[in-house]
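Some notes on the structure that comes next.
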Amino acid sequence: MGSAPFSILVGIFIAYVLELPDDFFTKIIGTKVLQTGIVFLGGSISVSQVIEITGSYFPWISLFVLTTFALGITLGIAFGVKKKQSYLLAAGTAICGGTAMATIAPVMKAKSNELTTALCIVFLLNAFAVVIFPFLNNYLQLSEESFGAWAALAIHDTASVIGAASAVGNTAVEFAATLKVGRTLWIIPLVVFTAWYFKEKRETLGLPLFVIFFIGAVVLNFLFSFSEEVTTSLASINRGCLTIGLFCIGTQIDKEAIRNISIRPVLQALSLWFVVIIASLAILT
């Protein structure tokens with residue numbers, strides 16, 4: 001049906017009703033499908049668009065990332081959340097959700113249950129965001145550019161940012177995708193800081209591969225000036241990958257992990273997200 005919110009909700013429903021096994025194929029391919037779609041999206045965006053969009057917002061993005069991270073740590077202390085779990089939630093909210101948390105977890109040697117809990121909380125918030133952000137825009141009446149920027153700043157994971165923006169329009173998707181890259185690039189300094197903060201070493205400072213391919217696709221578009229037919233086809237592939245990928249992500253819901261979530265990290269994540277949503281909206285309006 002081409003509906004991002006519908007796709008993820010159906011995936012969650014099926015996961016609960018059928019109790020899919022851990023090795024079910026949708027649980028394996030979901031993230032890869034989404035990341036592949038984002039790479040195709042990059043081929044439909046020109047470098048001039050990226051420079052124009054990101055240039056205006058990147059200072060705000062950087063300040064927003066740093067402030068969100070610091071506030072997340074502060075809230076974690078206030079709510080008495082375990083240090084590593086609090087750090088994971090702060091990093092995931094500030095930068096790019098599950099990607100950031102999965103990247104730094106080995107650096108800080110987080111326990112599996114700490115990472116699982118953080119991922120489940122952020123996953124649920126992202127699933128909610130894909131549905132509620134477009135709904136809120138019916139009342140806020142933001143332009144596509146403003147909505148894309150709001151989604152890029154306020155929603156954790158790249159896939160959910162694109163999913164929410166896709167319900168508003170193609171321009172919103174382009175703004176959301178390019179600005180979210182600005183947040184995602186903060187993974188590199190995050191890994192460096194995490195290694196120092198937790199006194200752990202990491203052999204490589206890897207940027208997520210899909211981000212590198214996304215940037216590469218944008219550059220290819222600039223070098224070869226893809227025709228409108230090509231960019232339209234790439235955008236269509238992106239929408240297909242988005243719909244399928246979000247459905248697959250929905251099937252990954254882990255009921256056992258949800259049952260084991262305590263109230264303290266939930267309060268930290270919700271409080272931080274609420275502040276981020278309001279602050280980012282205030283900046284853009």
Taking the options Ala127, Ala195, name whichever one is more than 18 Å from Leu281 (Cα to Cα), modelled with pLDDT of 85 or more and surrounded by fewer than 24 Cβ atoms within 10 Å (Cβ to Cβ).
Ala127
Of the residues that sit in the stretch 23-45 and are part of a loop (DSSP other than H, G, I, E, B) and modelled with pLDDT of 75 or more, which one is nearest to the chain's Cα centre (by Cα)?
Ser44
For the stretch 150-171: of the residues being among the hydrophobic types (A, V, I, L, M, F, W, C) and more than 10 Å from the chain's Cα centre (by Cα), which is surrounded by the fewest Cβ atoms within 10 Å (Cβ to Cβ)?
Ala167
Cβ-Cβ under 7 Å pairs, at least 6 apart or on other chains, the stretch 147-169 side modelled with pLDDT of 90 or more, far side among the β-branched types (Val, Ile, Thr) and not in a helix (DSSP H, G or I)
Phe147/Val168; Val161/Ile155; Ala164/Ile155
Tabulated pairs, the stretch 229-243, first in contact (Cβ under 8 Å) with a residue 12 or more places away in the chain and farther than 21 Å from Ser160 by Cα, second among the small types (Gly, Ala, Ser) and part of a helix (DSSP H, G or I), C-beta under 9 angstrom, 6+ apart or interchain
Val230/Gly43; Thr231/Gly43
Quick one: would you say Ser48 is at pLDDT below 85 and either out of contact with any helix residue (DSSP H, G or I) (no Cβ under 8 Å at 6 or more places or on another chain) or surrounded by fewer than 15 Cβ atoms within 10 Å (Cβ to Cβ) (or both)?
yes
Filter the stretch 85-118 down to the residues that are without any contact (Cβ under 8 Å) to a residue 40 or more places away in the chain and part of a helix (DSSP H, G or I), then identify the one that is surrounded by the fewest Cβ atoms within 10 Å (Cβ to Cβ).
Ser112
Evaluate the following for Phe210: is it crowded, with 17+ Cβ neighbours inside 10 Å and either at pLDDT below 90 or farther than 19 Å from His156 by Cα (or both)?
yes
Could you tell me which residue of the stretch 7-24 is farthest from Leu125 (Cα to Cα), considering only residues that are crowded, with 17+ Cβ neighbours inside 10 Å and either without any contact (Cβ under 8 Å) to a residue 24 or more places away in the chain or in contact with a Leu (Cβ under 6 Å, 6 or more places away or on another chain) (or both)?
Ser7
Can you pull out every residue in the stretch 172-189 that is aliphatic (A, V, I, L, M) and either within 21 Å of Ser160 (Cα to Cα) or touching a strand residue (DSSP E or B) at 6+ places or on another chain (Cβ under 7 Å) (or both)?
Ala172, Val173, Ala176, Ala177, Leu179, Val181, Leu185, Ile187
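The values are calculated or read from the model by the stated rules, or taken from the named source; none is laboratory data. The model shown is predicted, which means the values in this text are computed figures rather than measured ones. Quick reminder, even Gly has a Cβ in these numbers, built from the backbone with ideal geometry, and neighbours come from all protein chains shown.
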